[in-house]
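Only one structure is covered here, and it is reproduced in the block below.
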Amino acid sequence: MSDPVHTPTLFECCAAAIGSVRGAVRPRPADQRFLRSLTDAGLPTARRTVTLTALAQVPRSVPTAAVVEGRFTPRRIANSLTSFVIQHPEATFIVDPSYCVDADHRAIAQLPAVLRGAVRPPVETIPTITALKAEFDPAALDFALPTHAHWDHVCGLLDLPGLPLHLHGDEHDWISRDAIAPVGGVRDSLKDRPLVRYDLDGPPILTFTRSHDLFGDGSVVLLDLAGHTPGSVGILAHTSRGWVLLAGDAAWHSLQVEEIRQKSSYPGNFADADRDLTFKSLHRLHLARHFATVVPTHDHDATLQFATQRDQIRMS
Ligand SMILES: [Zn+2]
């Protein structure tokens, strides 16, 4: 709920406001026909396991209805800008380096003025580099891998100069296409660092049509979650505690995945690049949740289960 992608026009604001009222009364129903059409291609065969750690972050209490369309209970839910570290025998990498030091000036200032107040996280928000240093040696990181290229998933890179970036080719094409980046604070985060583009060149996995096996051993597999942005991916990780699917912003909260509820029109209309495709990806996640623990990046309570014991106490 913190990454609208362009300056909304008055018409768009009115349409979103009307959509929010309509959605609150009659949320968009699940597409049962589409749901029935989905097939399960199964899990990868994993030959190794990885360790997944959620870095410490401070939650923000937000109205549930502002996140999950038509949902009023519980009245509020916890939202946060969490980053993750995945340790594989061959590499250690950070997922969604979300928040830089002095984000107000270095990232949020690049957003359209009308949106800055709405997306500004609380002052207590922990910069990625601070949370990282509490658990890891930043020099031990081999690369960063964002689920997508919105500012609140990459701007932490500003404090990790030179760290190579793995980015889905579709996402790279999208942010490179226009003279003005689709979101503020993105291009500065990405420039002057090695870029490794990858394509989803692998077979269907679970209910997802394309994949990319990051290490070739089935332990970390990237999945197509297009919609929120054109190149959004989910990260399916084989951990000692079972399969986990980091879902980025394909959903903002697990309630959406469980009930197939799209994001509320405001601010969802400004955050999702393709609202219909995002809804389809949500259906895929809904079925995949039976085989993997689905963790939306901003769902604070979902991320807590992967926090260290010390952070679980501090973050809750
Ligand atoms: Zn996003």
Inset, instruction - Run the numbers on region 140-273 and let me know its relative contact order in percent, using alpha-carbon pairs under 8 Å that are six or more apart. - result: 19 percent
Legend entry - Gain upon complete extension [residue 240, residue 259; 0.36 nm per residue less C-alpha separation]: 4.1 nm
Inset, instruction - Hey, can you find the accessible area per residue of region 151-220 for me, probe 1.4 Å, expressed in square angstrom? - result: 39 Å²
Inset, instruction - Work out from phi, with θ = phi - 60° and the Karplus expression 6.51 cos²θ - 1.76 cosθ + 1.60, the ³J(HN,Hα) of each residue of region 250-255, listed in order in whole Hz, and give x for Gly and Pro. - result: 4, 9, 8, 8, 4, 4
Legend entry - Protein accessible area in the chain, 1.4 Å probe - carbon and sulfur %: 54 percent
Inset, instruction - Note down the relative contact order for the chain as a percent, whole number, built from C-alpha pairs under 8 angstrom at least six residues apart. - result: 24 percent
Legend entry - Accessible surface of residue 73 - all protein chains present, 1.4 Å probe, nearest 10 Å²: 90 Å²
Legend entry - residue 77 long-range amide H proximity, modeled H, under 5 Å: 62, 64
Legend entry - Inter-centroid distance (Cα atoms) of region 105-172 relative to region 215-239, Å: 19 Å
Inset, instruction - Calculate for the chain the 222 nm mean residue ellipticity that helices alone would give, adding -39,500 (n - 2.57) per DSSP H run of length 4 or more and normalising by residue count, nearest 500 deg cm²/dmol. - result: -8000 deg cm²/dmol
Inset, instruction - May I ask you to compute the full-extension gain from residue 136 to residue 191, defined as 0.36 nm times their residue separation minus their alpha-carbon distance, rounded to one decimal in nm? - result: 17.4 nm
Legend entry - Proximal charge balance of residue 284 [Cβ under 12 Å; K/R count +1, D/E count -1]: 0
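Are there GluC sites (Glu not before Pro) in region 107-214 that DSSP puts in a loop and that have at most 13 other Cβ atoms within 10 Å, and which ones? Write down the numbers at each step before the final one.
Working: sites: 124, 135, 171; in loops: 124.
Answer by residue number: 124.
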Legend entry - Most mobile listed residue (27, 138, 122) in the chain, GNM with C-alpha springs under 10 Å: 122
Legend entry - Förster-model FRET efficiency, 22 Å R0, residue 40 and residue 73, C-beta, rounded to 0.05: 0.10
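Shape of region 166-265 from its Cα gyration tensor (a ≥ b ≥ c, root eigenvalues): rounded if a/c is under 1.5, otherwise prolate when a/b > b/c, or oblate?
Working: a/c = 1.96, a/b = 1.21, b/c = 1.62.
It is oblate, given that a/c is not under 1.5 and a/b is not larger than b/c.
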Inset, instruction - Output the peptides 263-276, 196-209 sorted from most to least packed, where packing is the average of other Cβ atoms within 10 Å over each peptide's residues. - result: 263-276, 196-209
Inset, instruction - Anything in the chain that counts as a DSSP H helix reaching 15 Å or more along its axis (C-alpha) with Kyte-Doolittle mean of at least 1.0? List them, would you? - result: 10-25
Legend entry - Amide H within-cut-off set for residue 197, under 5 Å, with H built and near neighbours excluded: 167
Legend entry - Built amide H within the under 5 Å cut-off of residue 126, gap 5+: 58
Legend entry - For region 29-133: relative contact order, % (alpha-carbon pairs under 8 angstrom, 6 or more apart): 25 percent
Inset, instruction - Using only Cα atoms, locate the centre of region 31-45 and the centre of region 51-87, then give the distance between them in Å, rounded to an integer. - result: 26 Å
Legend entry - Fully extended contour minus Cα-Cα distance, from residue 61 to residue 173, at 0.36 nm per residue: 36.9 nm
Inset, instruction - Please work out whether the chain counts as rounded, prolate or oblate from its C-alpha gyration tensor, where a ≥ b ≥ c are the square roots of the eigenvalues and a/c under 1.5 means rounded, while otherwise a/b larger than b/c means prolate and anything else oblate? - result: rounded
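The values are calculated or read from the model by the stated rules, or taken from the named source; none is laboratory data. The structure displayed is predicted, hence computed values, not measured ones. Every residue, glycine among them, receives a Cβ derived from its backbone with ideal geometry; neighbour counts consider all protein chains shown. Quick note on the areas: whole protein, heavy atoms, side chains included, nothing else; ligands and nucleic acids left out. Shrake-Rupley method; radii C 1.70, N 1.55, O 1.52, S 1.80 Å.
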